[in-house]
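Undergrad: Okay, here's the structure, questions in a sec.
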Amino acid sequence: MSTSSTEPKDSDQTETPAVDDVQEQAPDGTEQGQDATETASPNAEAARYRRQAREAQAERDTLREQLTTMQRGEAERLAKDARLADPSDLWRDGLTPADLLDDAGNLDHDKVTAAVAELVAAHPHWQAPVLGAGMRDATAGSDVSMGPSTPR
């Protein structure tokens, strides 16, 4: 370890480990083992803030992606309930999850229903078929008739 002119040249002083050897954080947020001049350096402090900002931005982007995925899934579930045969068709005409949010940023059920109505009006073949009495719903695997079945 080299000494600078600001450090005391006491031969009894023990050598401190290199910065790379010590990765623990001191209570003030700096890495232990750094020289006092290095922790006080405005450049080092700015570098630390830039690193923290990049980490926060990466976390924000990850959370935003997760939220968008959840919103898409919920919108598709609502679209299926609104009788869209393939819920992923909701996005085929350029609609985005942001288009279906209310002022508070929550998914607006009425906007999803209105979007499905517009899609079905523009593309009638995208609507799920309305099952008549005695027809089976292939996706549910159950009889969807309203009344009790009568033996033939």
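The values are calculated or read from the model by the stated rules, or taken from the named source; none is laboratory data. In this text, all values refer to a predicted model and were calculated from it rather than measured experimentally. Please note: Cβ atoms are built from the backbone with ideal geometry, for glycine as well, and neighbour counts cover all protein chains shown.
Undergrad: Starting from residues that are in a loop (DSSP other than H, G, I, E, B) and basic (Lys, Arg), keep the ones in segment 77-132 and report whichever is nearest to LEU67 (Cα to Cα).
TA: Residue satisfying both the conditions and the ranking: ARG92.
Undergrad: When you check ARG152 against the structure, is it modelled with pLDDT under 80, touching a strand residue (DSSP E or B) at 6+ places or on another chain (Cβ under 7 Å), loosely packed, with under 14 Cβ neighbours inside 10 Å and not small (Gly, Ala, Ser), yes or no?
TA: no
Undergrad: Of the numbered conditions (1) closer than 30 Å to ALA128 by Cβ; (2) surrounded by 12 or more Cβ atoms within 10 Å (Cβ to Cβ); (3) more than 17 Å from the chain's Cα centre (by Cα), ASP110 fails exactly one; give the number of that condition.
TA: With (1) closer than 30 Å to ALA128 by Cβ; (2) surrounded by 12 or more Cβ atoms within 10 Å (Cβ to Cβ); (3) more than 17 Å from the chain's Cα centre (by Cα) applied to ASP110, the lone miss is (2).
Undergrad: Which pairs turn up if I take residues in segment 32-51 that are on the phi < 0 side of the Ramachandran plot and look for partners that are modelled with pLDDT under 55 and small (Gly, Ala, Ser) with beta carbon separation below 9 Å, at least 6 apart in sequence or on another chain?
TA: As it stands, the answer is GLN32/ALA26; GLN34/ALA26; ASP35/SER4; THR37/SER4; THR39/ALA26; ARG48/GLY29, since those pairs meet every condition given.
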